[in-house]
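Novice: Here it is: the structure, laid out below.
The values are calculated or read from the model by the stated rules, or taken from the named source; none is laboratory data. Small disclaimer: the values here were computed from a predicted structure and weren't measured. Here the Cβ positions follow ideal geometry from the backbone for every residue, glycine too, while neighbour counts run over all protein chains shown.
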Amino acid sequence: MKEEKPSYEDLLAKINVQEQKMNRAKRLYLFISRINQIIVRAQDRNQLFKEVCNIAVEIGGFKMAWIGMIDPVTQDVIPVGVGGLDQEYLSVIKQISAKIDQEGGRGPAGIAIRKGTHQVCNAIEEDSSMDLWREEALKKGFRSLIAIPIKMYDKVVGVFVIYAAEKNYFDDEEISLLNNATSDVTFALEFFEEEIMRKEAEEAVAQSEKRFHTLTEVSPVGIFRTDLTGATTYVNQRWTQIVGISYEESMGSGWYIAIHPDDRIKIYNEWKKVTADKVRSLLEYRFIKPDGNIIWVIGQATPETNAENEIIGFIGTITDITERKEAEDKFFKTSKKMEAIIEAIPDMMFEINLEGMIFNYHTPNNDLLLMSPFFFVGKNVREVLPAPAASVCFSALEEAHEKGFSRGKQYSLELNTGKFWFELSLAPMKEDERKEKHFIVISRDITEQKMATEALLKNKTRYRGILDNLEAGIVVHDANGIIIMCNSKSGELLGYSIEELMSGDRESLKWHFLNEDYSEMKVDNYPINQIIRSKTAIKNFPLGIMEPTTKKIIWILVNGFPTLDKNGNIQEVVTSFIDITKQKMMNYEIQKAKELAEIANKSKTDFLANMSHEIRTPLNGIIGFTSLLMESNLEQNQKDYMLTINESANTLMDIVNDILDFSKIEAGKLELKIEEVDLFAITNQVVSLFKYQANQKQIDLVLDIDANVPQYLFTDSLRLKQIIINLIGNAVKFTQKGQIQLEIKTILPFEEHYVNLNFSVKDTGIGIQSKNLGKIFHSFEQEDNSTSRQFGGTGLGLAISNRLLALMDSNLELESTYGEGSKFYFNIRLKKSEVQNHHLLKTNGKLVMKNILGAKKVLIVEDNTINMLLAKTLVKRIIPESIIIEAFDGDEAIEQYQNQQPDIILMDIQMPNKNGFEATHEIRKIEKNGSTPIIALTAGIFIEEKEQCLKSGMNDYITKPIIVSDLESVMLKWLSH
């Protein structure tokens with residue numbers, strides 16, 4: 001039997017049912033969307049409850065909706081928000097409760113509260129749970145209801161009840177959407193609660209800070225607080241009194257300038273240790289007050305951490321210990337002085353009485369004793385010395401007793417190491433408490449003097465033989481310049497015999513001395529006359545001697561010194577001189593070769609300069625006209641040819657420039673031109689030069705300038721730019737994927753008028769093998785031949801950069817891992833300018849103002865070009881007279897905000913450099929007049945992202961895809977404020 005086909009009426013009925021279902025779902029989705037908007041706008045719970053109930057009726061199409069909160073004492077459910085025409089329904093029905101033992105607690109609302117989940121009643125006239133409320137509900141036209149528990153932090157605190165005019169209204173889809181809507185209400189309640197707790201916490205912190213500052217200002221010790229970098233954020237009055245600088249001068253790094261220079265490294269190392277180990281610091285160091293006085297302090301510093309146990313700064317104290325340190329220093333110096341005096345005495349010292357008993361001793365060398373010192377004290381002199389030596393000692397003792405002193409008596413001892421001679425000196429000491437007279441005995445070792453006297457006699461003849469066999473001439477003059485001693489070599493070099501030299505007849509000695517330029521030397525400049533006149537030594541004094549007969553010139557190198565008496569008068573003058581005639585001739589040949597090399601080098605330099613000029617002239621025409629041709633209407637293959645010609649010409653120009661710069665450097669003709677420059681402008685210009693190449697290779701080219709780097713400095717902008725261009729150019733050339741980063745940051749030491757900067761270019765390119773690290777800095781050399789063939793270049797770039805840095809008292813350094821990338825960096829010290837502006841560089845955006853009602857400036861921040869075009873189109877559609885300002889990342893957004901001061905900002909969230917949250921945070925920090933509305937544009941659909949938008953300082957939230965009506969309502973809402 002065939003199945004009957006449905007009639008037209010049946011199909012039409014099904015279509016109507018489906019259409020009703022779709023319309024109902026649309027109303028619910030719109031209802032949830034409006035709830036999200038209410039959550040963002042609502043200021044408190046009552047406003048939230050009231051508007052949610054009204055929206056449920058107006059948008060959701062429900063008959064009635066109400067929200068009740070549980071009284072924590074009675075457990076009654078108290079209505080706090082009602083929406084719908086039949087609001088009097090709640091005033092006539094039985095009181096609803098959360099308790100099961102109360103009649104009012106047995107309905108859908110009470111059950112939902114206790115079970116913690118929704119309760120649906122799709123047929124009020126039949127459902128037994130509605131017995132107490134059925135009559136009134138049916139009178140009002142209620143046929144279905146749903147009760148959904150409201151939770152805060154997973155605890156049920158209320159209920160959301162919604163009534164429909166149709167039976168069996170709530171299906172699974174409806175229930176799921178209404179549960180989501182109630183979850184949004186829960187989020188808002190938790191947000192309000194957290195906001196209240198945050199304000200209470202802020203108030204408590206403010207009170208604590210107030211008490212802290214009150215205590216610190218009356219503290220007897222200096223108290224300070226710093227951030228993580230050591231920059232001071234607070235000092236009390238006592239701290240400024242101790243250090244001697246004002247509160248304003250001590251802020252930031254100002255306190256560091258007052259630190260004694262010798263203690264700065266110690267403090268810096270302690271700071272690193274405390275930061276790494278998170279331990280308390282205890283350190284003594286010095287400050288130099290403005291009046292020049294040095295103050296000693298003992299400083300204690302304790303790390304201050306946040307909730308994640310991360311160090312965010314330091315809190316500490318200083319106590320003035322100057323008086324204690326001065327007392328310690330005085331005691332230490334006195335003690336050291338006494339120790340030095342005792343230790344400096346080279347003699348043995350003994351304390352004895354008239355009978356020869358030894359009570360004490362001091363000796364720098366126990367080897368001079370006949371027995372161990374342990375047995376020495378308490379013995380008699382006769383017990384420790386041989387009879388002859390003891391006899392001499394007692395003779396001196398008797399003399400000292402009678403005359404009050406004894407000097408010069410000598411004795412000898414045969415020790416294990418040989419024979420030693422000693423000389424005695426005795427003097428009486430003060431009587432002790434027993435009125436016994438003691439003597440101090442000094443026994444000086446004079447063995448060396450004895451041996452020296454004997455050796456002097458033996459060596460006099462020996463030294464004469466040595467002097468006569470030396471290759472150097474030795475001459476000794478008296479105070480008047482008369483020769484009193486000389487050796488045979490001196491006669492040979494001076495052209496006279498020893499007898500003639502020592503005759504004392506100046507008239508017979510005719511000297512003909514020459515200067516290095518072969519001119520005749522004046523008598524006053526003779527070496528002996530210079531020494532007698534200045535009473536100082538001469539060293540390595542060249543001198544030419546022309547022999548009287550042969551006229552042959554001998555060159556000698558003279559050294560000489562005077563010996564002076566205690567009054568500073570010359571006793572003798574000793575001179576020595578060696579023959580340097582061969583060396584002089586060799587130096588002459590070397591000088592001639594050097595001059596020839598300099599002439600050749602100058603010819604090379606002149607040739608390179610001329611060559612460069614001749615090549616650059618036609619290249620200039622090639623580059624200029626090919627650039628013009630590429631802007632004309634060419635066919636594609638013609639454009640390709642022109643581009644190839646243009647790039648080849650530019651490459652050749654770079655090579656010529658490198659060779660010319662190298663030639664200038666080698667010739668010493670390249671000088672720096674120091675002037676005030678904008679460092680931010682220079683580096684941004686350089687990065688812009690390579691943006692196109694980097695984009696073509698899909699490489700991220702990043703400029704990262706530390707916040708502490710001054711914008712205006714004194715340097716040679718052309719050469720600094722040349723160095724950076726070379727480093728980034730190499731990085732782009734040898735990097736196929738990844739990132740290239742130009743980073744500029746400040747480094748130690750911190751100075752008032754100068755800044756020490758670190759420039760680094762880091763890439764993720766091919767890297768350099770360790771064996772070639774030094775080679776790449778050589779002129780005309782690259783890492784290897786394959787590199788030259790694959791990547792091109794002259795091999796001059798790094799050599800020129802290094803030479804330029806040498807002119808700036810710096811040098812280029814390298815860290816590289818083969819296959820992973822390289823980092824080129826250098827440190828440079830530059831003078832600061834008096835004018836500083838740490839804002840980012842401004843763009844040349846033009847602002848068109850029209851005095852037409854409704855004209856608004858709209859800043860659109862969007863990194864995607866298609867989305868940017870869509871946003872601009874929609875805004876123009878909503879506000880035709882609007883002025884649109886574009887920004888493609890967070891950094892540009894901040895810059896455009898500062899320059900243009902827009903009326904409203906549409907902010908994308910996910911962007912390079914700075915995302916939307918970070919950009920909003922920065923804008924809120926710098927804005928001055930009022931609060932510019934910032935509307936989030938994002939594809940995010942989670943409630944957590946809405947919370948993050950609000951926390952970052954945004955005013956509203958629009959999800960993607962952007963609906964023109966939503967955008968229009970949000971913009972009109974915020975622009976009408």
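Novice: Residue pairs, Cβ under 7 Å, 6 or more apart or interchain, first in segment 386-399 and more than 15 Å from Phe439 (Cα to Cα), second in a helix (DSSP H, G or I). List them.
Specialist: Qualifying pairs under 7 Å: Ala390/Val381; Ala390/Arg382.
Novice: Still on this structure, please answer the following. Tally the residues that are at pLDDT 75 or above and crowded, with 16+ Cβ neighbours inside 10 Å, restricting the search to segment 922-938.
Specialist: Residues that pass the stated criteria total 8.
Novice: Could you list, in sequence order, all residues of segment 752-765 that are within 30 Å of Trp271 (Cβ to Cβ), of a type outside the set (Ser, Thr, Tyr) and assigned to a strand (DSSP E or B)? If you could, list the steps in order and put the result at the bottom.
Specialist: First, pick out the residues of segment 752-765 that are within 30 Å of Trp271 (Cβ to Cβ): 752-762.
Next, only the ones that are of a type outside the set (Ser, Thr, Tyr) stay: 752-753, 755-759, 761-762.
Within segment 752-765, Val755, Asn756, Leu757, Asn758, Phe759, Val761, Lys762 meet the criteria.
Novice: Specify the residue that is farthest from Asp172 (Cα to Cα); the eligible residues are those in segment 94-125 that are surrounded by 22 or more Cβ atoms within 10 Å (Cβ to Cβ) and among the β-branched types (Val, Ile, Thr).
Specialist: That would be Ile96.
Novice: Of everything in segment 421-449, what is buried (at least 18 other Cβ atoms within 10 Å of the Cβ), at pLDDT below 85 and of a type outside the set (Ser, Thr, Tyr)? Give them in sequence order.
Specialist: Asp445
Novice: Step by step: first the residues of segment 939-968, then only those that are of a type in the set (Ser, Thr, Tyr) and assigned to a helix (DSSP H, G or I), then the one that is modelled with the lowest pLDDT. Which residue is that? Show your work before the answer.
Specialist: Our first condition is that a residue be of a type in the set (Ser, Thr, Tyr); within segment 939-968, this holds for 952, 957, 959, 965.
Narrowing further to those that are assigned to a helix (DSSP H, G or I): 952, 965.
Working: Ser952: 86, Ser965: 71.
That would be Ser965.
Novice: Moving to a separate point now. Name the single residue, out of those in segment 881-925 being more than 27 Å from Asp700 (Cβ to Cβ) and hydrophobic (A, V, I, L, M, F, W, C), that is nearest to the chain's Cα centre (by Cα).
Specialist: Only one residue tops the list, namely Ile904.
Novice: Another question about this same structure. Any idea which residue in segment 530-557 is farthest from the chain's Cα centre (by Cα), counting only those that are surrounded by 11 or more Cβ atoms within 10 Å (Cβ to Cβ) and of a type in the set (Gly, Ala, Ser)?
Specialist: Filtering segment 530-557 for residues that are surrounded by 11 or more Cβ atoms within 10 Å (Cβ to Cβ) and of a type in the set (Gly, Ala, Ser), the one farthest from the chain's Cα centre (by Cα) comes out as Gly544.
Novice: Related question: I need the full set of residues from segment 519-543 which are touching a helix residue (DSSP H, G or I) at 6+ places or on another chain (Cβ under 8 Å) and in contact (Cβ under 8 Å) with a residue 40 or more places away in the chain, in order please.
Specialist: Asn529, Pro542
To keep it simple, each residue is scored yes or no on (1) assigned to a strand (DSSP E or B); (2) surrounded by 15 or more Cβ atoms within 10 Å (Cβ to Cβ); (3) within 13 Å of the chain's Cα centre (by Cα); (4) outside the structural domain of Gly765 (by TED's automatic domain parsing).
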residue: Val709; (1), (2), (3), (4): no, yes, yes, no
residue: Leu718; (1), (2), (3), (4): no, no, no, no
residue: Lys721; (1), (2), (3), (4): no, yes, no, no
residue: Ile724; (1), (2), (3), (4): no, yes, no, no
residue: Gln736; (1), (2), (3), (4): no, no, no, no
residue: Ile740; (1), (2), (3), (4): yes, yes, no, no
residue: Phe750; (1), (2), (3), (4): no, yes, yes, no
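Novice: Which residue pairs have Cβ atoms under 7 Å apart, sit 6 or more places apart or on different chains, and have a first residue in segment 500-517 that is within 20 Å of Thr549 (Cβ to Cβ) and of a type in the set (S, T, N, Q) and a second that is surrounded by 14 or more Cβ atoms within 10 Å (Cβ to Cβ) and modelled with pLDDT of 80 or more?
Specialist: That search, which allows pairs on different chains as well, returns Ser508/Glu500.
Novice: Looking for something assigned by TED's automatic domain parsing to the domain that holds Ile32, within 60 Å of the chain's Cα centre (by Cα) and small (Gly, Ala, Ser) - is there at least one such residue anywhere in segment 83-101? So that I can check it myself, show each step before the final result.
Specialist: First pass over segment 83-101, keeping only residues assigned by TED's automatic domain parsing to the domain that holds Ile32: 83-101.
With the extra rule that they be within 60 Å of the chain's Cα centre (by Cα), the set shrinks to none.
No: segment 83-101 contains no residue that is assigned by TED's automatic domain parsing to the domain that holds Ile32, within 60 Å of the chain's Cα centre (by Cα) and small (Gly, Ala, Ser).
Novice: Now for a different question. Return the pair list, or none, for Cβ contacts closer than 7 Å from residues in segment 474-487 that are assigned by TED's automatic domain parsing to the domain that holds Ala537 to residues that are among the charged types (D, E, K, R), at least 6 apart or on different chains.
Specialist: Hits for this filter: Val476/Glu572; His477/Glu572; Asp478/Glu572; Ile484/Asp478; Asn487/Asp468.
Novice: Another one. May I ask you to list the residues in segment 893-910 that are out of contact with any strand residue (DSSP E or B) (no Cβ under 7 Å at 6 or more places or on another chain) and surrounded by 22 or more Cβ atoms within 10 Å (Cβ to Cβ)?
Specialist: To start, the set of residues in segment 893-910 that are out of contact with any strand residue (DSSP E or B) (no Cβ under 7 Å at 6 or more places or on another chain) comprises 894-895, 898-899, 901, 910.
Answer for segment 893-910, where residues must be out of contact with any strand residue (DSSP E or B) (no Cβ under 7 Å at 6 or more places or on another chain) and surrounded by 22 or more Cβ atoms within 10 Å (Cβ to Cβ): just Ile894.
Novice: Restricting to helices (runs of 4 or more DSSP H) lying wholly in segment 130-246: which have 1 or more residues that are within 44 Å of the chain's Cα centre (by Cα)?
Specialist: Working: elements: 134-139, 172-217, 237-243.
Fully inside segment 130-246 and qualifying: 172-217, 237-243.
Novice: Does Gly116 qualify as being touching a Leu at 6+ places or on another chain (Cβ under 9 Å) and either within 26 Å of Lys26 (Cα to Cα) or not aliphatic (A, V, I, L, M) (or both)? Walk me through how you get there before you give the answer.
Specialist: Values: touching a Leu at 6+ places or on another chain (Cβ under 9 Å): no; either within 26 Å of Lys26 (Cα to Cα) or not aliphatic (A, V, I, L, M) (or both): yes.
Considered against the rule, which asks whether it is touching a Leu at 6+ places or on another chain (Cβ under 9 Å) and either within 26 Å of Lys26 (Cα to Cα) or not aliphatic (A, V, I, L, M) (or both), Gly116 comes out as no.
Novice: Let me ask something additional. For segment 867-882, indicate whether the set of residues that are closer than 24 Å to Gln739 by Cβ and in contact with a Gly (Cβ under 8 Å, 6 or more places away or on another chain) is non-empty.
Specialist: no
Novice: Quick check on segment 512-529. Is at least one of its residues surrounded by 13 or more Cβ atoms within 10 Å (Cβ to Cβ), touching a strand residue (DSSP E or B) at 6+ places or on another chain (Cβ under 9 Å), modelled with pLDDT under 80 and within 30 Å of Asn587 (Cα to Cα)?
Specialist: Checking segment 512-529: not a single residue is surrounded by 13 or more Cβ atoms within 10 Å (Cβ to Cβ), touching a strand residue (DSSP E or B) at 6+ places or on another chain (Cβ under 9 Å), modelled with pLDDT under 80 and within 30 Å of Asn587 (Cα to Cα).
Novice: Out of all the residues in segment 110-118, is one or more assigned to a helix (DSSP H, G or I), at pLDDT 85 or above, of a type in the set (D, E, K, R) and under 57 Å from the mean Cα position of the chain (by Cα)?
Specialist: Within segment 110-118, the subset assigned to a helix (DSSP H, G or I) is 110-115.
Now restrict to residues that are at pLDDT 85 or above: 110-115.
Retained after the next criterion (residues that are of a type in the set (D, E, K, R)): 114-115.
Imposing the further condition that a residue be under 57 Å from the mean Cα position of the chain (by Cα) reduces the set to none.
So far as segment 110-118 goes, no, none of its residues is assigned to a helix (DSSP H, G or I), at pLDDT 85 or above, of a type in the set (D, E, K, R) and under 57 Å from the mean Cα position of the chain (by Cα).
Novice: Here's a follow-up. Out of curiosity, is Ser281 polar (S, T, N, Q) and either exposed (fewer than 11 other Cβ atoms within 10 Å of the Cβ) or touching a strand residue (DSSP E or B) at 6+ places or on another chain (Cβ under 8 Å) (or both)?
Specialist: yes
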